[in-house]
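Colleague: Take a look at this one; I'll ask things after.
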Amino acid sequence: MDEIEDLCGNLRLTEEEEIIVECSSGSEEEVLRKGARRLVVKICANRAVGKEVVANTMRKIWRISKRASFLEVGKNVFIITFANHADRQHALEGKPWLFDNFQFILKLYEGDLEPGKMKFNVESFWVHIFNLPLGHMTKDWGERTGQSMGKALDVDVDEGGIGWGKYLRVRVELNLHKPTASGRIVMVQDKKIWLTFKYKKLPRLCFVCGWILNGVDGCSVAADTDCFGLMPIINVGLHSQTLT
């Protein structure tokens, strides 16, 4: 994209092409108003997916009141218009979503952003952290562990900041272009403890590098993977960390 912008910057425009079109503030307000019921999605599959198939499938998965409309703006990139704000909020709060076991990345609608500049490189997941000592099943430890993975968004604890149960549940925003970690080593009173991670709704991963998304050139570790590296993972250690 930067190369295209540099190329355009070096072009010599004709007098006709130098005419500037200005938009009034009223039209911007209209864009924002319409965007209040919209989201943008990218389906991270290595094959094209038709909008009607996506619309029919996701209505069943979301269980929304009315069918949402999908407008294709790029390969597997769609603008979704919901019938009401409640349906839109339901889709946002239920993230992450999968489509045919491929990552279904939802983003807020930005009406002033060109489709080619939209970035779909992060997604939030609920991660179950096992093997924390009982006294460390807290919001503070959840945030520390979550920050080591990406960006900690939420920790499922009670009003006192304590998590009760077999695991601590943390919502983390992950970079999809990095390996998916199966755990972490933590130091508790000079003792090393291995924490095991289990992910909710984890999609297909590259079986070589562990990334959820690879670039258009394929896996950075092995050149013989498919163009997105989106294959069912065969590493037993990571496969066991997936929750449905």
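Values quoted throughout were computed directly from the atomic coordinates according to the rules given, and no laboratory measurement underlies them. Quick caveat: nothing in here was measured; it's all calculated off a predicted structure. Note: ideal-geometry Cβ built from the backbone for every residue, glycine included; neighbour counts use all protein chains shown.
Colleague: Give me P(r) over the stretch 114-201, computed from all C-alpha to C-alpha distances, binned every 5 Å, as integer percentages.
Modeller: With a bin width of 5 Å, the distribution comes to 3, 14, 25, 23, 15, 9, 5, 3, 2, 1, 0.
Colleague: With N set to the residue count of the stretch 130-181, report its C-alpha Rg divided by 2.2 N^0.38 Å to two decimal places.
Modeller: 1.14
Colleague: Now for a different question. Taking amide H positions as placed in the peptide plane 1.01 Å from N, state which residues far from residue 138 in sequence (5 or more) or on other chains have amide H under 5 Å from it.
Modeller: Here the answer is 163, since their amide H atoms fall under 5 Å of that of residue 138.
Colleague: With a cut-off of at most 14 other beta carbons within 10 Å, and DSSP calling the residue loop, which trypsin sites (Lys or Arg not before Pro) in the stretch 114-212 qualify? Please list them. Walk me through the intermediate numbers first.
Modeller: On the way: sites: 117, 119, 139, 144, 151, 166, 169, 171, 184, 191, 192, 198, 200, 201, 204; in loops: 119, 166, 201, 204.
The qualifying sites are 119, 166.
Colleague: Then there's this: Just grab the label-to-label distance for residue 158 and residue 192, each label 7 Å out from Cα along the Cβ direction, in nm (one decimal).
Modeller: Spacing of the two 7 Å Cα→Cβ label points: 3.5 nm.
Colleague: Separate question: In whole Å, what three semi-axes, largest first, describe the equivalent ellipsoid of the stretch 30-115 built from its Cα gyration tensor (square root of 5 times each eigenvalue)?
Modeller: 19, 16, 11
Colleague: Apply the Karplus parameterisation 6.51 cos²θ - 1.76 cosθ + 1.60, with θ equal to phi minus 60°, to every residue of the stretch 194-205 and state each ³J(HN,Hα) to the nearest whole Hz, in sequence, with x for glycine and proline.
Modeller: Ordered by residue, 3J(HN,Hα) equals 8, 9, 9, 9, 10, 9, 8, 6, 7, x, 5, 10 Hz.
Colleague: Oh, and also: What list of ³J(HN,Hα) values in whole Hz, one per residue of the stretch 114-124 in order, does the Karplus curve 6.51 cos²θ - 1.76 cosθ + 1.60 (θ = phi - 60°) give from phi, with Gly and Pro shown as x?
Modeller: With coefficients 6.51, -1.76 and 1.60, one gets 5, x, x, 9, 5, 10, 10, 10, 9, 7, 9 Hz.
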